[in-house]
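The values are calculated or read from the model by the stated rules, or taken from the named source; none is laboratory data. This structure is a prediction, so every number in the text was calculated from the model and none was measured. Using ideal geometry, Cβ is built from the backbone for each residue, glycine included, and neighbour counts are taken over all protein chains shown.
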Amino acid sequence: MSKNMLKYFHQQSQKMEIDIPTLIDEIRAYAISKYISPTVLKLCEKNKIPIPQKTKKLLKYSSYFEEEAKKWWHSYVYHLSNRLEGIKDFDIFLKLFPQYKTKKIKLRKYLENSYDLSILPLNLSKHLKNAVKNHLPEIGFISKQDPYGIKNKKSVILDKNERGTFYVATRKPKYATYLFVLTVPWAKDPTKGTFMCPIGCKHCYRGFETRHKQNIKIIKKLQDIVSSRISEQSRSLAKKWKEEIYDILVSGGEPLLFNNKTWKEDIVDIIKHVPHLYSFRICTGALALGLFARIDNELLRILTNMRDEYGIQIGFNIHIAHWENLTPEMIEKAYLLQKHNIRIMPQIPLVEGVNFWNHDLDKTIETIRKTSRLCAFVLNEPVYKYILDMQGSVSLLQAIKVYRYLFDRHQEESNIIRPISFELFTSHDTGNMNLSYHTLYAIQHNIDKKKKEVIYTIPHPAGTKIIWKEKLLKGINDKIGF
Ligand code: SF4
C-alpha cells in the first residue's frame, strides 16, 4: 500500500506522451466499454454525462489499457494505491494543479502540518475538473472539531471492557437511529480498517478526527477511547439496543474501508440478530467520490442475505459533491445496488467553492439544480438531504435563499427533484434541524461587529432554540433581513 503507484501512472503517461488525466480517461474508456451496461450508457447519453472514448493514436497500447481497466473495475485497492497523496506526490500535484505553484512554500507547510491530501484517480479525470475542487487543499483552513456532536456527552453510548471505557455509538435522545461510528485506531494499511477516510474532501464534514487520522476522544482521562475490535463494538451495540430504535446508520471515516470479512463477521452477523432492527444504512463517500470499485458482489451478498433472512432493509447514504460525480462507473454501481433492492440516498454537503458560492448565487443555483436533476433523472432518487457545511463555509442566509428559489416556489422544478430535507447539523441536544424558506421568517438575526460574527437564533420544532454562528461576510450577511 505504501508503494507510490501514482509515480507509475506518471511514468506511463510520460512514455506515451500524454498527461495523467488523459491516461486515466483512456483506462476508463476500456473499462466502460467492457463493464458498463447498455441501460447506463443510454442514461449517460440522454443526460449528457461524458463517456470517455478510446483514442485511436493510443491503440498500440491497448493491451496495457485492457489490463489496467480490469483493475480499474474490480480492485478498490488499486484505486487506493494510486491516489495522489500529500507530500509524497508534491511535484506531481504541482504539475497537475499549477495554480498552487506561486503558493508552493505555504502549501508544503500546510500539507506537512495540517492537511491530509488525498485525491483518488477517478477525480483526476478530465471530466471531473470541477468536482476535483472538493479535494483540493484550501491553504490555512483548519477543520472544526466534532461539528455534528457525535461526542456530545448526552448522546454518546459508552461501554467498558478490561482495558477501560470505549465508545459504542451516538444516539441523540428520542432519535430512532443509532449512529454507529466505527472507531478502530488508524492503521497504516487502510484496508484493515480505520477511522480515517482516504477520500479526502477538503471540508470533511466528519471533522477533525477523520482529517487528522485520529480516534474519537470522549473522556479526557482515557485519551484514546476506541474499540480495538469492531466485533466488540457491534456486540456492545447489540447489547445496549433500545426497543424504540429501529434504524442503524454505519459511519466512519469511511466504513467501507473494512474488508468483506470484517463486514460479515464483525458487523452484520452480530447486528442482524437485534429484534428491533428494521433498517440498516451505510453512510459512504466511496460510491460517488472515487471508490466505486469497493461495491463488489460479495459485499452485496452479505447485505442482501441479512435482508432476505432477517427482514432488515438496506440503504446507502451516498456523499455527492458535484454533478460531475455522476460518472458512468458510479451510475453502474448505483444501478447494481438498486437491482438488489438497496436504496440509494444521495446527500450533498454544501461547500463554498465546490457547489456553493456565497457571492454568486446564480452559479450556485445552476450547480445545485443540475446535481438535483441528475440524481432524479439518472439515479431515479431525489436528493435525500442537503447539508449546510458544518465547517462554516456557506452562509445560512444564502443557503436558505437558494433553497427558497429552487425548491419552494413550485415553479421551475418538478416535485421529482425536490430534496427530501435540507438539514442543519448541530451538536445541540435536540439534534439536527430541517430548514425551509419559512425559516427565514422565523430566525432572529444579530450581528456582532466587534467579533465579526453573525448570530442566528432559530426556533427548533422540538420547542427549543438553536444558536447558529457564522463569520460576518461583507455584502452577504451583514444586513438584517433578506
Ligand atoms: S467522504 Fe465523508 S468522511 Fe470521507 S473525506 Fe469526504 S466527508 Fe470526510
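Below is a table of values for the structure above.
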quantity: Single condition K153 does not satisfy, out of (1) away from the ligand (no atom under 16 Å from the Cβ); (2) within 21 Å of the chain's Cα centre (by Cα); (3) not in a helix (DSSP H, G or I); calculated: (2)
quantity: For L277: the one exception among (1) within 15 Å of the ligand (Cβ to nearest atom); (2) modelled with pLDDT of 95 or more; calculated: (1)
quantity: Filter pass, H359 being out of contact with any helix residue (DSSP H, G or I) (no Cβ under 7 Å at 6 or more places or on another chain), away from the ligand (no atom under 15 Å from the Cβ) and without any contact (Cβ under 8 Å) to a residue 12 or more places away in the chain; calculated: no
quantity: Elements of type helices (runs of 4 or more DSSP H) in the range 277-384, at least 3 residues being outside the structural domain of P255 (by TED's automatic domain parsing) and surrounded by fewer than 24 Cβ atoms within 10 Å (Cβ to Cβ); calculated: none
quantity: Matching strands (runs of 3 or more DSSP E) fully within the range 421-475 where at least 1 residues are surrounded by fewer than 14 Cβ atoms within 10 Å (Cβ to Cβ); calculated: 444-448, 453-459, 465-471
quantity: Residues of the range 181-215 satisfying the condition of being at pLDDT below 85 and of a type in the set (D, E, K, R); calculated: K188, D189, K192, R206, E209, R211, K213
quantity: Any hit, the range 16-29, residues being in the same structural domain as E85 (by TED's automatic domain parsing), of a type outside the set (A, V, I, L, M, F, W, C), surrounded by fewer than 18 Cβ atoms within 10 Å (Cβ to Cβ) and over 30 Å from F377 (Cβ atoms); calculated: yes
quantity: From the options I92, I24, I87, residue that is modelled with pLDDT of 95 or more and either under 17 Å from G200 (Cβ atoms) or among the aliphatic types (A, V, I, L, M) (or both); calculated: I24
quantity: From the options I270, I248, residue that is at pLDDT 95 or above and touching a strand residue (DSSP E or B) at 6+ places or on another chain (Cβ under 8 Å); calculated: I248
quantity: Filter result (assigned to a loop (DSSP other than H, G, I, E, B) and in contact with a Ser or Thr (Cβ under 7 Å, 6 or more places away or on another chain)) within the range 256-276; calculated: N259
quantity: Conditions (1) surrounded by 17 or more Cβ atoms within 10 Å (Cβ to Cβ); (2) outside any helix (DSSP H, G or I): number failed by R409; calculated: (1)
quantity: Answer from H359, H410 - the residue that is over 19 Å from the mean Cα position of the chain (by Cα) and farther than 16 Å from I476 by Cα; calculated: H410
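Residue-by-condition table, conditions (1) free of Cβ contacts under 8 Å to residues at least 24 places away in the same chain; (2) at positive phi; (3) in a loop (DSSP other than H, G, I, E, B):
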| site | (1), (2), (3) |
| --- | --- |
| I51 | no, no, yes |
| R108 | yes, no, no |
| N123 | no, no, no |
| H127 | no, no, no |
